[in-house]
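A short worksheet on the structure shown next.
None of the figures in this text is laboratory data; all of them are computed from the coordinates on show. In this text the structure is predicted, and so the values were computed from the model without any measurement. Counting neighbours? That spans all protein chains shown, and the Cβs are built from the backbone with ideal geometry, glycine included.
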Amino acid sequence: MGHDGHPDCALMTSPESNWFDTPAPPPADEVLHVDVGGYEGPLDLLLDLARRQKVDLSGISVLALAEQYLAFIDTIRERRIEVAADYLVMAAWLAYLKSRLMVPQAPGDDEPSGEMLAAMLQFRLKRLEAMRQSASRLMNRPRLGFQIYARGAPEPMEIARRSVWEASLYDLLNAYSIQRERGASTDYAPRLRTVWSLQDARDILQRLIGESREWVALDAYLIDYLAKPSERATVRASTFASSLELVRQGQIDIRQTETFGPLFMRRRREDSR
Amino acid sequence: MSPDEDDEIGDVLRRHLRILEALLFASAEPLRASDMASYLGEGVDVAGLLLTLQTQYEGRGVNLVRRGDAWAFRTAEDLGFLLRREEHETRPLSRAALETLSIIAYHQPATRAEIEEVRGVATGKGTLDLLMEAGWVRMRGRRRTPGRPVTYGTTDAFLDHFGLETLLDLPGLDELKGAGLLSGRLPPDLQIPLPFDGSLRDDEDPLDPADLGDPEPEDEET
Amino acid sequence: MSPDEDDEIGDVLRRHLRILEALLFASAEPLRASDMASYLGEGVDVAGLLLTLQTQYEGRGVNLVRRGDAWAFRTAEDLGFLLRREEHETRPLSRAALETLSIIAYHQPATRAEIEEVRGVATGKGTLDLLMEAGWVRMRGRRRTPGRPVTYGTTDAFLDHFGLETLLDLPGLDELKGAGLLSGRLPPDLQIPLPFDGSLRDDEDPLDPADLGDPEPEDEET
């Protein structure tokens, strides 16, 4: 980084590794004492090894790189550390590359030449490094919320909800009909009926029984009043209710000899209290 | 003062204004002059700069406004409509509104007291307001009786919404019975009025000029 | 043209600029020109107005910037050091996420296999999820190759976050292109694609409806 002359580099305030939450690859002298867990895959490991050659990636010795990688993997395996399969695949490929580089290309050999394989590896390393640099250049740009800011107090769109009312003609007519029907029944004047109040019934009963100590049927007392059919129910109900009250007060006795039979009443004797 | 010095002062002023602009823009809350002073250096006339900035934004789509001791950018008042959007929401009419509307339709011109007489319950002002807002009911005039109550009637939008050509298309008693909407158990004297479609009836006066503002302001929601 | 007509045009222009200003100031997110057009009326040259507004705000503390198809007011870059708020620092992205983001940005549309090819290592599903959750990466479509892999690209929010007008502003893009490092496949000198921002490329199909629910449900964390 920093050697490409891109204007953004002027804004770099922190080394690219600041954006990485994984520890940076260890320095060269410790390389044999770390496991591959610190690397983001075999290409990352290769890139790290290549950087140690301290030359531009175009000038690296791919043969030396392959040897370093294979040695590194061997060391790890000696220490019986589990090595992920992709590191082993890369090791196999690099062993192949090494053999292609060391043995001159035979005529009629259709396999890619060692130089071509080496160029492919170089390309991949350069591309990965380029993407890493790009990531760090992106992160070092003036970013929104870090050096550039949006409106701190945005004025959000206010949404006014306007109701559109829904009603069908049927709803309307139905609502009207229901109301008229409801209103129509209240238009009837209730039939006025003669009602004997309890007080009236009691007074009448008191008067009719008088001082009579004989059992007399209630209907016999009320004979004059029961003539009108419209009043029969209220006369019976009110006088019966009043008679119960008079019994409770100890003024009269009352008896009935059978269910639905006539009710007999008489004035209670004073001495029976 | 030499032109060079003048330029320099201009540059400093511009820089100060830029800083204030950015600070005010990025802040989530209105900023006090004293909050901003520390960004400008000592002895800078923040109040004066703010007034300059305010002038620069005068007449623009966004203005620098003062809120108490603090300052903030706000959308120009006359452009507030840009930040409002209407969303239409279809809702069924409430039973009370439907009942009131149907009574007004048949009994128009109808006063509120008349509506209440048919409904048997008091009609809230809100219900009439809603019907007027929906564009289905209007104030027609005032009844020429004591208290001069407002008379209500339906609108053309009402006819339009309910698919009626004229108010006379509203079904009468026999039709309502025929449709099963009215039962047979009705007193023989029950009548369905013929809605009055004209402009003003004999017993109606035109609305007072004041009516056009606020309908029946004396009436409160019951 | 009479002076009156001239004035009238000036008034209309001013009004249009004020409206754009208000809309853009009010929003925290960039707004598309097409979204703003509806506020100005038909046949109005929104793009031209936006450029005029951009010029008016050049050199001020707040600038009008383009972000893809959208526009936004943002504080001037050079004032960043003043406004820097430390508390805003969020958890930094993992190295894997950073690399993946930059590969997607420079190689888009890119499939997961292509991303893995560049990195030389399998990409956890969590990495792509995280970038999509941040709103910087989106699923674009499906590559018209066996297996129909999902293609990924960046979003307008990515441009906004990193202060890029278009993908062509990606830092170092020309150098990378010149060095043939944006080639997805070997050999490097055959084809040098540029990050592709359009809707869908020839070899892309639209996403399946099911994609919009769960990205690549068949892929598990590796």
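Okay, here's what the table says:
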| read-out | value |
| --- | --- |
| Partner chain coverage, peptide A:84-91 - average Cβ within 10 angstrom | 1 |
| Whole-Å semi-axes of the ellipsoid equivalent to segment C:3-83 (Cα gyration tensor, √5λ, descending) | 25, 15, 9 |
| Computed over segment A:64-126, Cα set: Rg, Dmax in Å | 13.3, 42 |
| Partner lysines for C:Lys125 [C-alpha distance under 29 Å; skip if fewer than 8 residues away on the same chain] | A:Lys126, C:Lys177 |
| Cα-projected label distance for B:Glu8 with A:Ser61, points at 7 Å along beta-carbon direction, nm | 6.2 nm |
| Using alpha carbons only: equivalent-ellipsoid semi-axes of segment C:45-108, gyration tensor based, whole Å | 29, 20, 8 |
| Average partner coverage of B:76-88, which counts Cβ from other chains inside 10 Å | 5 |
| Residue-count net charge about A:Gly59 - beta-carbon cut-off 14 Å; Lys, Arg +1, Asp, Glu -1 | +2 |
| Computed Kirkwood radius, in angstrom, where 1/r is averaged over Cα pairs of chain B | 23.3 Å |
| Cα gyration tensor, segment B:95-212 - rounded (a/c under 1.5), prolate or oblate | prolate |
| Other protein chain Cβ atoms within 10 Å, averaged over every residue that makes up B:102-111 | 3 |
| Local net charge near A:Leu246, Cβ-Cβ under 10 Å (Lys/Arg +1, Asp/Glu -1) | +2 |
